[in-house]
1. Take the residues in the range 77-92 that are aromatic (Phe, Trp, Tyr) and modelled with pLDDT under 90; name whichever of them is surrounded by the most Cβ atoms within 10 Å (Cβ to Cβ).
2. What are the pairs with Cβ atoms under 6 angstrom where one residue, in the range 79-100, is closer than 14 Å to residue 32 by Cα and the other, located anywhere, is of a type in the set (Lys, Arg)? Sequence gap at least six, or different chains.
3. Hey, among the residues in the range 24-47 that are open to solvent by less than 50 Å² (accessible area, probe 1.4 Å) and outside any helix (DSSP H, G or I), which one's modelled with the lowest pLDDT?
4. For the range 48-67, which residues satisfy the criterion of being in contact (Cβ under 8 Å) with a residue 24 or more places away in the chain and surrounded by 15 or more Cβ atoms within 10 Å (Cβ to Cβ)?
5. Could you tell me which residue of the range 1-23 is modelled with the lowest pLDDT, considering only residues that are open to solvent by less than 80 Å² (accessible area, probe 1.4 Å) and not in a helix (DSSP H, G or I)?
6. For residues that are surrounded by fewer than 18 Cβ atoms within 10 Å (Cβ to Cβ) and among the hydroxyl-bearing types (Ser, Thr, Tyr), scanning just the range 93-109, find the one that is modelled with the highest pLDDT.
Amino acid sequence: MSKKLMLCALILGSINAQSKFLSQDEYGKNLYQNPRGIACSKCHGESGEPTIIAHYKHKGVEKTLLAPRINNLEFSTFSKAFKKQKGVMPTYYLTEEEIKAIYIYLYRP
């Protein structure tokens, strides 16, 4: 076997082993806590519950910025929220696999 072929086999084996290192739940938890430098948990709490982000005044009126509950959504609704800009929700540019992992983490028994 050539050195290049052996190196390719070693790299592919390593990638496959790494992909199974974390469970789907652990992967989702890690993504939820820090997907792209901005943690979902900062606004949605540790398990996707509604959370007050801030109290503020706008034109003399007291207001509250509230992150909605996200642990009771259908997957299609949950996934769409990551793909469109809405309010103060940042755009994360997550893959479908990453979104599924976060969903599985939030909906674990």
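1. 82
2. Final answer for the pair search is 92/36.
3. Going through the qualifying residues, I end up with 35.
4. If the condition is that a residue be in contact (Cβ under 8 Å) with a residue 24 or more places away in the chain and surrounded by 15 or more Cβ atoms within 10 Å (Cβ to Cβ), then 48, 67 are the ones that fit.
5. 2
6. So the residue we want is 95.
The values are calculated or read from the model by the stated rules, or taken from the named source; none is laboratory data. Bear in mind that the values here come from a model prediction, so they are computed numbers and not experimental data. Note: ideal-geometry Cβ built from the backbone for every residue, glycine included; neighbour counts use all protein chains shown. Protein only, heavy atoms only, side chains kept; ligands, DNA and RNA dropped before computing areas. Shrake-Rupley method; radii C 1.70, N 1.55, O 1.52, S 1.80 Å.
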